[in-house]
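The block underneath contains the structure these notes are about, expressed in structure tokens.
Here, each number is a calculation from the coordinates, and none is a lab measurement. The structure presented is a predicted model; accordingly, all values stated were derived computationally and were not measured. As a convention, Cβ positions derive from the backbone with ideal geometry for all residues, glycine included, and neighbour counts pool all protein chains shown.
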Amino acid sequence: MYAIELPFVGNRISERETNMRRLTLLNVLFVLVLCIIGIGFYRGWFVVATQDRDGEDSKIDVQLTVDPDKASDDIKAVEERARKLTNNEAKETPPSRSDDEARDNVRDDVRDDVRDDVRDDVRDDVRDDVRDDVRDDVRDDVRDDVRDDVRNGVPVDNSLPTLESRELQ
């Protein structure tokens with residue numbers, strides 16, 4: 001089959017589509033501006049203050065304060081964090097002394113936590129092992145005593161609770 005191409009059919013963007021694209025772009029820009037304003041108020045870049053006028057009826061002065069220095073400091077902090085996350089800063093500059101101290105403090109804290117955990121685990125294991133050994137030794141001693149008594153003809157009192165019945169309780 002042969003395809004027939006008609007000039008300008010399907011290649012033109014209609015005026016309606018153009019208007020929709022513009023509207024979509026304007027909506028995105030509007031949302032972006034609202035986000036920046038919201039972040040600005042949250043971070044303290046913008047401050048609104050109100051004040052009643054003395055002596056005049058129902059009039060209030062509204063004052064908007066903009067702090068561009070705080071905004072630029074926050075932007076620099078975000079850029080710095082982004083550089084740290086991408087490890088570009090480590091390639092450009094050596095770590096500062098405070099970073100080394102912080103790293104050492106974290107390393108020491110982790111080492112102490114691991115040491116305490118291992119010490120507790122070993123203590124618990126030793127306690128469990130000793131308890132098991134003592135229980136096994138007592139069980140073996142009682143069993144040997146009963147066997148010796150049976151061999152020697154001593155009557156065995158079956159009314160006494162056994163070690164196994166105590167464990168079940």
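What distance in nm lies between label points placed 7 Å from Cα along the C-beta direction at Asp54 and Asp73?
The modelled label-to-label distance comes out at 3.3 nm.
Please report how far the C-alpha centroid of region 97-132 lies from that of region 32-73, rounded to the nearest whole angstrom.
51 Å
With a sphere of radius 13 Å drawn around the Cβ of Asp141, what net charge do the other residues whose Cβ falls strictly inside it have (Lys, Arg +1; Asp, Glu -1)?
Details: positive: Arg135, Arg139, Arg143, Arg147; negative: Asp133, Asp136, Asp137, Asp140, Asp144, Asp145, Asp148, Asp149.
So the environment of Asp141 carries a net charge of -4.
May I ask you to evaluate 6.51 cos²θ - 1.76 cosθ + 1.60, the Karplus curve with θ = phi - 60°, for each residue of region 25-35 and list the ³J(HN,Hα) values in order in whole Hz, giving x for glycine and proline?
Values per residue, Gly and Pro as x: 4, 5, 5, 5, 5, 4, 5, 4, 5, 4, 5 Hz.
In nm, what is the difference between 0.36 nm times the number of residues separating Arg131 and Val154 and their Cα-Cα distance? Show your work: numbers first, answer last.
Numbers: separation 23, 0.36 × 23 = 8.28 nm, distance 3.07 nm.
Here the answer is 5.2 nm.
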